[in-house]
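A short write-up of the structure that comes next.
The values are calculated or read from the model by the stated rules, or taken from the named source; none is laboratory data. Quick caveat, the model's predicted, so the values are computed rather than measured. Because the Cβ atoms are built from the backbone with ideal geometry, glycine has one as well, and the counts that use them run over all protein chains shown.
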Amino acid sequence: ILNDPKTFLWNFNNAGVGLVGPVEALSLDEMKQVFETNFFGVVRMFKEVMPDMKRRRSGHIMVISSVLGLHGVAFNDVYSASKFATEGLCEGLAIQLLQFNVKVSMIEPGPVNTEFELKLMTEVSKKEFAGADPETLHHFRTCYLPTQINLFKALGQTPEDIAKVRTHEVIPVHNKNQN
């Protein structure tokens, strides 16, 4: 059973892309790319692993989301929206999968220091953001960007920190044999 690539005992999903900036200056194609990875990537993963887990009446799906899926942050509007959608998907499926003894867990980290984040902030700091009004752009460049950079430096976790986190189930599944 462990040698069968279509047999899933558990699945871990950690795909994600970021998008930061004034929403009026972001293209719809950029926004669609974020949803394609952050939301529809998770949907595709569920569609792939659920049938086998349901058939076996056993499994555990773990999804990395973000604290920004729990509350929005200025200039992270589209990224937050994609993570809110992921949260809703996981919460709904967690309830549906209870009857099949399939668990759904989420990890919702805050700032994580990675090359991904460093590259994103470097690119964003150079971007012109055509379409944004001067006042919004000024706020983005003088308030948001420095604050984010300082936040990540001061409070950012490492990927290793996240790997050590004991996850919580979206909907706890209690063993029927327990009192």
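Any idea which of Gly59, Gly88, Gly72, Gly21 is within 22 Å of Glu115 (Cβ to Cβ), among the small types (Gly, Ala, Ser) and modelled with pLDDT of 90 or more?
Selected residue: Gly21, the only one of Gly59, Gly88, Gly72, Gly21 that is within 22 Å of Glu115 (Cβ to Cβ), among the small types (Gly, Ala, Ser) and modelled with pLDDT of 90 or more.
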In segment 89-107, the residues that are within 16 Å of the chain's Cα centre (by Cα) and either in a strand (DSSP E or B) or closer than 17 Å to Thr37 by Cβ (or both): Leu89, Cys90, Val104, Ser105, Met106, Ile107
Conditions (1) of a type outside the set (A, V, I, L, M, F, W, C); (2) farther than 23 Å from Lys126 by Cβ; (3) at pLDDT below 95: number failed by Glu36: (3)
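Could you list all residues from segment 104-128 that are of a type in the set (D, E, K, R), more than 13 Å from Leu68 (Cα to Cα) and in contact with a helix residue (DSSP H, G or I) (Cβ under 7 Å, 6 or more places away or on another chain)?
Filtering segment 104-128 for residues of a type in the set (D, E, K, R) gives 108, 115, 117, 119, 123, 126-128.
Narrowing the set further to residues that are more than 13 Å from Leu68 (Cα to Cα) leaves 115, 117, 119, 123, 126-128.
The one that is of a type in the set (D, E, K, R), more than 13 Å from Leu68 (Cα to Cα) and in contact with a helix residue (DSSP H, G or I) (Cβ under 7 Å, 6 or more places away or on another chain): Glu117.
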Residue count, segment 52-91 (criterion: free of Cβ contacts under 8 Å to residues at least 60 places away in the same chain and of a type in the set (Phe, Trp, Tyr)): 1
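From the list Leu120, Leu137, pick out the single residue that is assigned to a helix (DSSP H, G or I), more than 22 Å from the chain's Cα centre (by Cα) and in contact (Cβ under 8 Å) with a residue 60 or more places away in the chain. Before you say what the answer is, go through the steps one by one.
On the way: Leu120 fails: more than 22 Å from the chain's Cα centre (by Cα).
Testing whether each residue is assigned to a helix (DSSP H, G or I), more than 22 Å from the chain's Cα centre (by Cα) and in contact (Cβ under 8 Å) with a residue 60 or more places away in the chain leaves just Leu137.
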Residue pairs meeting the criteria (Cβ under 8 Å; at least 6 apart or on separate chains; first acidic (Asp, Glu), in segment 30-46; second buried (at least 17 other Cβ atoms within 10 Å of the Cβ) and part of a helix (DSSP H, G or I)): Glu30/Val78
Residue satisfying condition, being under 17 Å from Ser105 (Cα atoms), of a type outside the set (A, V, I, L, M) and in contact with a helix residue (DSSP H, G or I) (Cβ under 9 Å, 6 or more places away or on another chain), within set Ser65, Ser80: Ser65
Checklist (1) among the aliphatic types (A, V, I, L, M); (2) modelled with pLDDT of 90 or more; (3) touching a strand residue (DSSP E or B) at 6+ places or on another chain (Cβ under 9 Å); (4) not in a helix (DSSP H, G or I) applied to Val173, failing item: (2)
Residue identified as closer than 22 Å to Ile149 by Cα, loosely packed, with under 13 Cβ neighbours inside 10 Å and among the charged types (D, E, K, R) among Glu48, Glu117, Glu108, Glu128: Glu128
